[in-house]
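Remarks on the structure that follows.
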Amino acid sequence: MLLPLRLSLFYAAYFLILGIQLPFWPVWLESRGLSAGEIGTVLAVALWVRIVTIPVAGVVVDRTGNRRTALILLSAAALAASLLYLPADGFVPILLVTVLMSAGFSPIMNIGDNLTLLIARAHRLDYGRMRLWGSISFIAAASLGGIVVADSRPEVVLHLLIGAMALTALSCWLAPKPPPREPGRTEVPLKTSRIAALLRDPGFLLFLGATSAVQSSHAVYYAFGTLHWRGLGHSEAVIGWLWAEGVIAEILLFAFGGAVTARLGPARLLMLAGLAGLVRWSGTAMAEGVAVLALLQVLHGMTFGAAHLAAMQYIAKAVPLDRSATAQALYGALATGMGTALAMMLAGAAYAGMGAGAYHAMAALGLAGAVFALLLGSRDRRDEVRRADA
């Protein structure tokens, strides 16, 4: 019982940070005198730093095997960097602290996911039921944080962030060690780097293509969903419920969908996530009433939740243990990092030119993800036939 509890604590603490940062961090940046353009630059730099630091951390962890140690060191570094925001004033100092903070903070989730997957596989635990505490924590932080920020000065946002970072560092210190390697197992030395070996694998490239397309299809929703719904005349309360409903659908999938998602397998699950994106974003481009929007928001459980579970399944089943942290890192850096960053840039231009029609571009990304997943599934089936004939 202690293993799932300690891992659930990690997700709950980590997503407290995101629940504070995503909605309220621009408020703090503005209070320190940053312009809209400077705020955008600070937020973009945090995304681009992760593209470098996550793969580097993944390779180091695969070489050393010290996943828990890496979590402790990275979370301590991120906590120390967050304290540097206290005296930071002005664009350049805040930008430099953001680089330091992102360098330590960005790899934590991917290494934590990798550690959880290894422990879940060894002890037959349900990954989704531990990960769901992160989603619950996110809702709590965003909801309660809004009340606190409304009644306080913007500086409270930084204090909440530092407190959440301290809890995350504590949860990393309490995290369990990974299971020992199987007796008698020896890793085959790689002639090429772990990153190059994975990027030369056609199956892994199809996996990255599918996950990048499906996750990036959320770009317009993340950046302009609230503005679009406000423009349709919906109140802040309705908009808040629509956002919460999507995360609740994700939580329900994590809690009760483990057996079904495991039976479907990664490729089919990714294909369903992509098709759900096609339906969700096409509908969102045209829907105006609350009832239809609420129905479409339920699909967040598929477009995000199912796609994430599929990614975790694929890495756990298809990637050798000595490359698993690197694979996790590439997924974080490319699929949910660079892919989303590029899609955000395209989303801004598309929304400025087409308004709600920008969601049709996101629907096309969902369809592309489904096609990549279909190709991945076909390749996996051919590989199974070859192994059976050998």
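The values are calculated or read from the model by the stated rules, or taken from the named source; none is laboratory data. Since we're looking at a predicted model, the values are computed, not measured. Methodologically, a virtual Cβ is constructed for each residue, glycine included, from the backbone with ideal geometry; neighbour enumeration extends over all protein chains shown. Areas reflect the complete protein model, heavy atoms only, side chains present, ligands, DNA and RNA absent. Shrake-Rupley method; radii C 1.70, N 1.55, O 1.52, S 1.80 Å.
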| Cβ-based net charge around VAL290, under 15 Å, with every Lys or Arg adding one and every Asp or Glu removing one | -2
| task | Just tell me the longest site-free run in the chain, where the sites are trypsin sites (Lys or Arg not before Pro) in a DSSP loop having at most 10 other beta-carbon atoms within 10 Å. | result | 201-390
| query | Under the Kirkwood approximation applied to all pairs of distinct alpha-carbon atoms, what is the hydrodynamic radius of the chain in Å? | reply | 21.5
| query | Any idea what the relative contact order of the chain is, in percent, if you count C-alpha pairs under 8 Å spaced at least 6 apart? | reply | 27
| message | Tell me the Rg and the Dmax, in Å, that the Cα atoms of the stretch 14-144 produce. | response | 16.2, 51
| task | Report, to the nearest whole %, how much of the accessible area of the chain belongs to carbon and sulfur atoms, 1.4 Å probe, protein only. | result | 69
| field | Residue-normalised accessible area of the stretch 258-301, given per residue in Å² at a 1.4 Å probe | value | 43
| note | Total charge of the residues flanking LEU299 in space, meaning their Cβ is under 12 Å from its Cβ, with Lys and Arg +1 and Asp and Glu -1, is -1
| query | DSSP H helices in the chain with Cα extent of 27 Å or more along the helix axis and mean Kyte-Doolittle hydropathy at least 0.0? | reply | 2-31, 36-64, 91-123, 127-150, 155-174, 236-256, 266-286, 358-389
| message | Report the Cα centroid-to-centroid distance between the stretch 98-164 and the stretch 1-49 in angstrom, as an integer. | response | 8
